[in-house]
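K.L.:
Structure incoming, see below.
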Amino acid sequence: MRLSSLQYLSAQGFGNIRHNKLMSFASFCIILVSLLLVGFSLLFYVNVSSMIRNVENKNEVIAFLNEDVTDETIDEIKGHLDSNNNVLESVFYSKEEAFADLKMEMSADYPTVFDALDSNPLPHAFKIKIDNIQLLTDTVKEIEMYYGVFSVRAPYEFADALIGLSRVMTVVSVSIIIALVVVCMVIVSNTTKASVFSRRKEINIMRYVGATNAFIRIPFFIEGLVIGVISGLVASAATWIAYDSFVRILVEEEEVLSIIGLTSLIDFSTIAAPVVSAYLLVGAFLGSAGSVLSMGKHLKA
Amino acid sequence: MVELKDVTATYPNGVTALRNVSLRINDGDFAFILGSSGAGKSTIIKLILKELDAAKGQLIVNGFNLSSIKKSKVPALRRTVGVVFQDFRLIPNMTVYDNIAFVLRVIDASPKYIRKRVPYVISLVGLQDKTRSYPGELSGGQQQRVALARALVNDPRLIIADEPTGNIDPELSYEIVGLLKNINECGTTVLMVTHEHDLVRHFGGRIISIEEGSVVYDDYLGGSYEN
């Protein structure tokens, strides 16, 4: 095909958007709404997952050590903990620190309760943060096996609640996203079909004068591509503005922030590149593939 | 050249529109296909353009055997045929110039050739002052002349006119058929489908009459037309 023909077909694609303003605008709106619905659902899911993860990181497992544990054994246990893949952080908590903390905690209400004690009855311990709370039971069992560890106290109920919440969130979010994707694909497909149907005579004329299917498709492909990319750009801008405004409102609400934690909210600038790229790619795909595939039955030989 | 050998055509809904039709239109002929509505006239056009497949028989159009033609070759077949429809079928958002140039762009003609050929064909149908007009700005007769120019522009071997006078005033009808006669005199085969007996009597030529899917008359008739 000549370069001049390609230029002509590209110009036709752009021209068609102008000539078919109403259907182009309908396609643009449908693709935009589809992108925003799926995009916001995904961002909601990503943020809720981040919040759950943040709460997860607040878990604390305490490994109590044997009474007669030596410094070498403590170092050994520390080494084991550091090399454990599911241990995020471990801090040695000496019996002296524990006793001092206990005294401070109880001295106000029971000032004489420790007078009868000759010595510190508390054991040395490690305060441990678990990485993946779903593997809590296995990790606790591993820690219990370390030589010098007397017992391990873990927040099993908290872990179960979080795992349950996380599963429900995943199932609900993924179901909503899949449903939205299906609904959006049906709507986009119907809109592009309506757009192509409204121009079936034009397609027929092209066929009668001997245009190949590729020649007929190229302007429709370009038209769909341009509408899709514009939808993607507008969706990116709208998401950015809406997301930032939403985060700003949440940041101002101290109560909400204390529950979810400031670090749980993902800053849009950190995810802007993948979000904008995904919007542009999906928009371009929906627009171009939608147009070209909808032409199928109008292009029978 | 168009040749139908014992052709039967049936639509997907089961209606048989042509029954065992055999006819041959030689290069340079001017033939009227005459018949009432539903007689099978338009079916012949659909067969020639490979819009419809023959259920039986053999069809040869400009050297293409339509019984065995590959799908990918159908555009090449259609490029050898210019078609003029009753409802003009111009692309509404293209100017007169672009509607005609479009056919040349389809065959990947050079921009230089397009710039030379399109104005020439527009002048043949007498629409030089309407080059930049859109179809919606033209009368029925003018639109049909654009359609005729479009059918002519890539110098096809055969022009099919499907009721080209059906949507225009009677006096313009004679003008359009006159233009088709002129084109034919330059060597292009013309096949015109019509049900207007007056036109046929006026222009004369080969008359193929179809009734209920069968050819009932095929002969030459002298007309009162003089170029």
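K.L.:
Given the options A:S245, A:S198, A:S173, name the one that is outside the structural domain of A:L136 (by TED's automatic domain parsing) and within 16 Å of the chain's Cα centre (by Cα).
P.N.:
When all the criteria are applied, what remains is A:S173.
K.L.:
Select the helices (runs of 4 or more DSSP H) contained entirely in region A:1-89, then report the ones holding at least 3 residues which are within 14 Å of chain B (Cβ to nearest Cβ) and modelled with pLDDT of 80 or more.
P.N.:
Hits in region A:1-89: A:3-19, A:21-56.
K.L.:
I need a count of the residues in region A:278-298 that are among the hydroxyl-bearing types (S, T, Y) and closer than 16 Å to A:L36 by Cβ.
P.N.:
Looking only at that region, the number is 1.
K.L.:
Which residue, of B:L52, B:L59, is crowded, with 18+ Cβ neighbours inside 10 Å and over 28 Å from A:S198 (Cα atoms)?
P.N.:
B:L59
K.L.:
Okay, moving on. Kindly indicate whether B:G14 is more than 30 Å from A:L9 (Cβ to Cβ) and assigned by TED's automatic domain parsing to the domain that holds B:E212.
P.N.:
Spelling it out, B:G14 is indeed more than 30 Å from A:L9 (Cβ to Cβ) and assigned by TED's automatic domain parsing to the domain that holds B:E212.
Rundown of residues vs (1) surrounded by 20 or more Cβ atoms within 10 Å (Cβ to Cβ); (2) without any contact (Cβ under 8 Å) to a residue 40 or more places away in the chain; (3) assigned by TED's automatic domain parsing to the domain that holds B:A151, yes/no style:
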| site | (1), (2), (3) |
| --- | --- |
| B:L180 | yes, no, no |
| B:G187 | no, no, no |
| B:H195 | no, no, no |
| B:H202 | no, yes, no |
| B:I207 | no, no, no |
| B:V215 | yes, no, no |
| B:G222 | no, yes, no |
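To keep it simple, each residue is scored yes or no on (1) within 22 Å of B:I100 (Cα to Cα); (2) surrounded by 16 or more Cβ atoms within 10 Å (Cβ to Cβ); (3) within 12 Å of another protein chain (Cβ to nearest Cβ).
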{"position": "A:V171", "(1), (2), (3)": "no, no, no"}
{"position": "A:V174", "(1), (2), (3)": "no, no, no"}
{"position": "A:I177", "(1), (2), (3)": "no, yes, no"}
{"position": "A:V181", "(1), (2), (3)": "no, no, no"}
{"position": "A:V188", "(1), (2), (3)": "no, yes, no"}
{"position": "A:S195", "(1), (2), (3)": "no, yes, no"}
{"position": "A:R199", "(1), (2), (3)": "yes, yes, yes"}
{"position": "A:E202", "(1), (2), (3)": "yes, yes, yes"}
{"position": "A:M206", "(1), (2), (3)": "yes, yes, yes"}
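K.L.:
Considering only region B:113-146, state which residues are surrounded by 15 or more Cβ atoms within 10 Å (Cβ to Cβ), within 14 Å of chain A (Cβ to nearest Cβ) and in a helix (DSSP H, G or I).
P.N.:
B:I114, B:V118, B:V121, B:P135, B:Q143, B:V146 - these are the residues of region B:113-146 that are surrounded by 15 or more Cβ atoms within 10 Å (Cβ to Cβ), within 14 Å of chain A (Cβ to nearest Cβ) and in a helix (DSSP H, G or I).
K.L.:
Could you please give the count of residues in region A:148-175 that are free of Cβ contacts under 8 Å to residues at least 60 places away in the same chain, among the hydrophobic types (A, V, I, L, M, F, W, C) and within 30 Å of A:F92 (Cβ to Cβ)?
P.N.:
Total satisfying the criteria: 2.
K.L.:
Return the total of residues in region B:101-112 being surrounded by 12 or more Cβ atoms within 10 Å (Cβ to Cβ) and more than 18 Å from A:I216 (Cβ to Cβ).
P.N.:
Total meeting the criteria: 2.
K.L.:
Looking only at region A:66-96, count how many residues are out of contact with any helix residue (DSSP H, G or I) (no Cβ under 7 Å at 6 or more places or on another chain) and closer than 24 Å to A:Q134 by Cα.
P.N.:
Total meeting the criteria: 11.
K.L.:
I'd like to verify a number: residues in region B:57-84 that are under 18 Å from the mean Cα position of the chain (by Cα) and either more than 9 Å from chain A (Cβ to nearest Cβ) or in a strand (DSSP E or B) (or both), how many?
P.N.:
So the answer is 11.
K.L.:
Restricting to region A:95-112, give me the number of residues that are of a type outside the set (D, E, K, R) and in a loop (DSSP other than H, G, I, E, B).
P.N.:
Result for region A:95-112: 5.
K.L.:
Helices (runs of 4 or more DSSP H) wholly in region A:113-210 with at least 3 residues that are modelled with pLDDT of 80 or more and within 30 Å of B:I91 (Cα to Cα) - which ones?
P.N.:
Fully inside region A:113-210 and qualifying: A:200-208.
K.L.:
Of these, A:K78, A:K127, A:K58, A:K95, which one is surrounded by 17 or more Cβ atoms within 10 Å (Cβ to Cβ), out of contact with any Cys (no Cβ under 6 Å at 6 or more places or on another chain) and charged (D, E, K, R)?
P.N.:
Only one candidate qualifies: A:K95.
K.L.:
I'd like the full set of residues that are buried (at least 23 other Cβ atoms within 10 Å of the Cβ) and either at pLDDT 95 or above or β-branched (V, I, T) (or both), limited to region B:151-164.
P.N.:
Once the filter is applied, which keeps residues that are buried (at least 23 other Cβ atoms within 10 Å of the Cβ) and either at pLDDT 95 or above or β-branched (V, I, T) (or both), region B:151-164 yields B:V153, B:I160.
K.L.:
Of B:E137, B:E163, which residue is charged (D, E, K, R) and either without any contact (Cβ under 8 Å) to a residue 24 or more places away in the chain or over 19 Å from B:L49 (Cα atoms) (or both)?
P.N.:
Testing whether each residue is charged (D, E, K, R) and either without any contact (Cβ under 8 Å) to a residue 24 or more places away in the chain or over 19 Å from B:L49 (Cα atoms) (or both) leaves just B:E137.
K.L.:
Among the residues of region A:236-246, are any at positive phi, at pLDDT 80 or above and not basic (K, R)?
P.N.:
Looking for residues that are at positive phi, at pLDDT 80 or above and not basic (K, R), one finds none in region A:236-246, hence no.
The values are calculated or read from the model by the stated rules, or taken from the named source; none is laboratory data. Computed from a predicted model, the values in this text were never measured in an experiment. Glycine gets a Cβ as well: all are built from the backbone with ideal geometry, and neighbour counts include every protein chain shown.
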